[in-house]
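This report concerns only the one structure given below.
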Protein chains: 2
Amino acid sequence: MSKIDITLGIDIGGTNTVFGFIDKTGNIVAEESIPTHSSEEAEMLFGRLHIKIEEMLKGLPENYNFVGIGVGAPNANYYKGTVEQPPNLNWGVVNIVEILKKYFDVPAAITNDANAAAIGEMKFGAAKGMKDFIVITLGTGLGSGIVADGDLIYGADGFAGEVGHVNVFIDGRQCGCGKKGCLETYASASGIRRTVFELLCNSIAPSSLRDLSFNQMTSKSIYEAAIKGDEIALKAFDYTGKILGLKLADSVAHTSPEAIILFGGLANAGDLITVPVKRYMEENLLPIFKNKVKIMLSGLPQGNTAILGASALIWNELDKIKKR
Amino acid sequence: MSKIDITLGIDIGGTNTVFGFIDKTGNIVAEESIPTHSSEEAEMLFGRLHIKIEEMLKGLPENYNFVGIGVGAPNANYYKGTVEQPPNLNWGVVNIVEILKKYFDVPAAITNDANAAAIGEMKFGAAKGMKDFIVITLGTGLGSGIVADGDLIYGADGFAGEVGHVNVFIDGRQCGCGKKGCLETYASASGIRRTVFELLCNSIAPSSLRDLSFNQMTSKSIYEAAIKGDEIALKAFDYTGKILGLKLADSVAHTSPEAIILFGGLANAGDLITVPVKRYMEENLLPIFKNKVKIMLSGLPQGNTAILGASALIWNELDKIKKR
């Protein structure tokens with residue numbers, strides 16, 4: 001019986017840690033989730049994970065061959081194997097790759113969620129066959145993974161790809177990072193909500209969004225208003241696309257990608273976001289880049305994107321080892 | 001007698017074409033220059049170059065071994081070997097690498113001036129031993145070469161690294177590229193002159209620069225006024241550094257370089273430009289990038305930088321061939 005290689009993808013979130021075994025074509029062979037318990041130390045989480053993973057492995061048919069572990073986590077440093085001061089976890093600096101080595105005798109690698117998403121798109125999603133592309137994750141914030149010539153750009157310190165914190169306006173909106181005017185304060189689920197509040201202030205147009213408090217409003221409520229034709233909601237999507245398109249033109253000037261792939265909650269709005277992003281990006285491109293760069297939606301199946309990305313990370317590392 | 005490998009570096013400018021033989025350590029063995037004759041076809045220039053180069057080769061001691069040709073030229077496409085619609089030459093689209101193959105039986109490669117400068121810094125200059133850095137050329141315009149993990153980023157089409165055309169202000173200064181608010185309209189020899197004129201308009205401070213017309217004023221005259229303490233000139237350098245620092249913080253967010261190297265005319269102003277660039281860049285960096293990124297001046301010898309860069313390009317290609 002021929003063996004089928006599988007890797008383990010682990011996605012560490014503030015609330016839950018999801019993990020699953022995935023084969024080389026992106027099929028999820030088994031998948032589970034445990035609570036992260038954010039106040040616990042990292043060692044405790046990995047102790048609990050180890051027990052669950054060994055159980056899962058025992059339950060798998062014998063022809064599966066476990067060959068590597070990929071991890072997606074906030075503030076992950078690819079070079080060091082560490083997670084450093086993650087915003088929602090009480091961990092400090094902890095070397096995840098070394099902890100994994102104590103339990104499992106296979107190669108392991110770690111990177112942040114947006115970088116994992118980028119490798120996921122390259123291996124299993126919309127960027128198959130591409131060597132130069134950018135993935136933009138539009139969640140509560142804006143994350144990015146930049147691939148050039150088939151490799152993720154990690155930079156000198158392992159932290160490259162923070163397009164969410166490029167400057168849009170000097171002294172613009174206050175950002176959680178401590179700066180002002182960052183892209184993610186405009187282009188993200190929280191950014192579009194801020195834009196709605198600016199529009200509700202500046203305009204007198206009636207809108208169903210006038211019935212929601214800041215804390216009640218989500219990007220989903222803005223989307224639902226927009227598809228019903230709500231003027232404020234439609235303007236908010238257009239403005240979000242305008243700012244994102246303008247700044248993606250700057251990203252194109254840096255790395256000249258074949259495509260930019262939008263991923264995550266706000267990307268689910270489809271044309272409402274991709275159409276203005278494309279239009280305003282084109283308006284701001286240097287002539288040599290015009291009509292070349294595709295704006296695409298994620299090609300990963302909904303729901304399992306995070307573990308597919310984490311698994312793709314280690315598949316990619318295993319490919320590199322083979323090439324040497 | 002052991003052989004010493006040398007490559008030919010060619011820099012094609014609108015007025016002159018400079019070329020020279022350079023060894024692996026960056027020593028220039030021989031160097032010459034001929035007029036480009038911008039109205040001629042490219043074939044004519046390379047016909048004339050061929051004769052000169054064969055003469056030079058005959059004059060060299062026998063222990064030199066000619067192994068490759070690197071070319072720096074405007075609007076060069078590394079992937080295709082072409083120069084496409086160069087602004088100051090009457091060439092259209094022409095395949096330089098194929099023309100060179102007719103005359104010489106060695107590998108050849110071409111890229112634009114700023115990319116050649118970046119590889120030059122990596123091989124022979126300030127970026128020796130670095131794998132992640134950005135070179136910014138501050139001439140009439142602003143060019144850039146971005147190196148990630150030891151390789152220049154060329155992008156999907158070969159034209160990556162156009163940081164001079166990222167947006168600073170929506171509806172800002174008109175740029176030669178057709179857009180508005182591009183970085184090079186603020187941070188370049190022509191950009192600082194525009195800034196001086198804005199300051200002369202908005203302020204009533206006396207300044208020796210009030211005696212120069214727009215066409216008379218150069219970045220050198222602004223520099224000379226600044227070192228004499230001229231308030232307008234000093235403010236112009238500070239503002240240029242502010243805008244460049246702000247936008248370099250965005251570049252750091254993309255590729256997280258170890259250093260940013262300033263190159264070309266305006267970089268000769270030294271501290272007058274590097275001090276404000278560093279200060280404003282730091283102010284605008286995401287906390288994880290603070291106090292990590294060096295602002296440096298070019299480490300290439302003055303005068304021969306262009307042919308050193310072109311030669312470094314082909315040395316780098318030859319290294320890649322060896323690694324395969």
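The values are calculated or read from the model by the stated rules, or taken from the named source; none is laboratory data. All values derive from a computational prediction rather than experimental measurement. No Cβ is skipped: glycine too gets one built from the backbone with ideal geometry, and neighbour counts run over all protein chains shown.
Data for the structure
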{"read-out": "The one condition in (1) surrounded by fewer than 24 Cβ atoms within 10 Å (Cβ to Cβ); (2) of a type in the set (Ser, Thr, Tyr); (3) within 11 Å of chain B (Cβ to nearest Cβ) that A:Thr140 fails to fulfil", "value": "(3)"}
{"read-out": "Only one of A:Gly264, A:Gly245 that is crowded, with 20+ Cβ neighbours inside 10 Å, closer than 14 Å to A:Ala187 by Cα, in contact (Cβ under 8 Å) with a residue 60 or more places away in the chain and small (Gly, Ala, Ser)", "value": "A:Gly264"}
{"read-out": "Filter pass, B:Ile307 being out of contact with any Phe, Trp or Tyr (no Cβ under 6 Å at 6 or more places or on another chain), more than 25 Å from A:Ser251 (Cα to Cα), buried (at least 23 other Cβ atoms within 10 Å of the Cβ) and of a type in the set (A, V, I, L, M, F, W, C)", "value": "yes"}
{"read-out": "Selected residue (only one of B:Leu209, B:Leu246 is within 11 Å of chain A (Cβ to nearest Cβ), over 30 Å from B:Lys24 (Cα atoms) and assigned to a helix (DSSP H, G or I))", "value": "B:Leu246"}
{"read-out": "Residue list for the range B:155-179, filter: more than 8 Å from chain A (Cβ to nearest Cβ), without any contact (Cβ under 8 Å) to a residue 12 or more places away in the chain and either at negative phi or within 21 Å of the chain's Cα centre (by Cα) (or both)", "value": "B:Gln174, B:Cys175"}
{"read-out": "Residue in the range B:252-289 that is farthest from the chain's Cα centre (by Cα), counting only those that are in a loop (DSSP other than H, G, I, E, B) and more than 10 Å from chain A (Cβ to nearest Cβ)", "value": "B:Gly270"}
{"read-out": "Subset of the range A:300-312 (residues that are modelled with pLDDT of 95 or more and either over 12 Å from the mean Cα position of the chain (by Cα) or not assigned by TED's automatic domain parsing to the domain that holds A:Val67 (or both))", "value": "A:Ser311, A:Ala312"}
{"read-out": "Identity of the residue in the range A:108-137, closer than 21 Å to A:Ala267 by Cβ and at the interface with another protein chain (Cβ under 10 Å from one of its Cβ atoms), that ends up surrounded by the fewest Cβ atoms within 10 Å (Cβ to Cβ)", "value": "A:Met130"}
{"read-out": "Residues of the range A:188-204 satisfying the condition of being in a helix (DSSP H, G or I) and under 17 Å from A:Gly245 (Cα atoms)", "value": "A:Ala189, A:Gly191, A:Ile192, A:Thr195"}
{"read-out": "Of all residues making up the range B:272-304, the number that are among the basic types (Lys, Arg) and surrounded by 23 or more Cβ atoms within 10 Å (Cβ to Cβ)", "value": "0"}
